[in-house]
Amino acid sequence: MALNPQLFQNGMPVPFVSELFVLARDGVDFEVDKIPGPSDHVFVLMFYLKLNSVCLNADAENLKAKGTIYLSNIRMVFVAAKPVANFYAFDMPLLFVNGEKFNQPIFLCNNISGFVEPVVPENENRALYSTHSFKILFKEGGCGTFVPAFSQFDLFVNTPVDEMMRHAYVDPNDPTRIFLQQPTPQSELRRRTYQPSSAERTM
């Protein structure tokens with residue numbers, strides 16, 4: 001995962017090279033645990049952990065927010081409608097997601113839960129980065145378009161979007177938007193890695 005990935009001014013995630021966004025689902029609630037607090041607290045905590053060889057992140061928070069979930073051939077990105085403390089977006093590479101499950105509780109809303117491993121910067125200790133549990137809750141409208149696409153996304157990665165549309169089930173009660181063309185044509189702004197470049201840090 002990556003906390004607060006780079007976004008365009010309209011809230012759309014800045015894509016990686018060769019990344020294609022397929023779906024966007026508005027009006028979801030998102031829950032994630034072990035989010036670090038302000039950066040100065042993180043620095044003090046990481047220094048303490050390195051000195052004491054402790055793997056517990058005592059400054060982490062469980063956060064909840066409402067916003068939009070984007071799905072591409074590389075990752076899912078949640079973008080909050082309103083920032084919560086220092087949290088405004090959460091990036092989940094599909095290869096780092098595991099234990100995902102679609103839940104249909106009797107008295108609560110449908111949701112997807114799972115775990116995502118951290119994207120650890122080079123030369124950093126993996127023990128300083130926690131595995132996160134997440135939950136995507138569909139409280140507004142159905143989820144019959146988003147969930148099948150997410151569950152079978154490996155079938156769609158190398159499939160043209162127009163062909164996918166001919167075979168995909170579209171739930172009329174699901175407000176998911178399907179991108180028939182990419183919404184961000186500025187190819188020169190595409191990212192190459194999860195580690196920000198010096199130019200990105202100044203944006």
* N52, sole failed condition from (1) open to solvent by less than 40 Å² (accessible area, probe 1.4 Å); (2) among the polar types (S, T, N, Q); (3) at pLDDT below 80 -> (1)
* Just checking, how many residues over region 59-80 are of a type outside the set (V, I, T) and either within 13 Å of M1 (Cα to Cα) or open to solvent by 80 Å² or more (accessible area, probe 1.4 Å) (or both)? -> 6
* Looking at region 132-151, which of its residues are part of a loop (DSSP other than H, G, I, E, B) and either polar (S, T, N, Q) or surrounded by fewer than 19 Cβ atoms within 10 Å (Cβ to Cβ) (or both)? -> K139, E140, G141, G142, G144, T145
* To do: Specify the residue that is surrounded by the most Cβ atoms within 10 Å (Cβ to Cβ); the eligible residues are those in region 110-131 that are touching a strand residue (DSSP E or B) at 6+ places or on another chain (Cβ under 8 Å) and under 13 Å from K34 (Cβ atoms).
  => V116
* To do: Pull up region 100-109, narrow it to residues that are open to solvent by less than 50 Å² (accessible area, probe 1.4 Å) and not hydrophobic (A, V, I, L, M, F, W, C), then point me to the one that is farthest from R177 (Cα to Cα).
  => P105
* Structure fact -> Exactly one of F115, F102 is more than 17 Å from G67 (Cβ to Cβ), within 12 Å of the chain's Cα centre (by Cα) and not charged (D, E, K, R), and that residue is F115
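The values are calculated or read from the model by the stated rules, or taken from the named source; none is laboratory data. Note that this is a predicted model, so its numbers are computed, not measured. Cβ coordinates were reconstructed from backbone atoms using ideal geometry, including for glycine residues, and neighbour counts include every protein chain displayed. When the accessible area is computed, the model is the full protein with side chains, heavy atoms only, and any ligands, DNA or RNA have been set aside. Shrake-Rupley method; radii C 1.70, N 1.55, O 1.52, S 1.80 Å.
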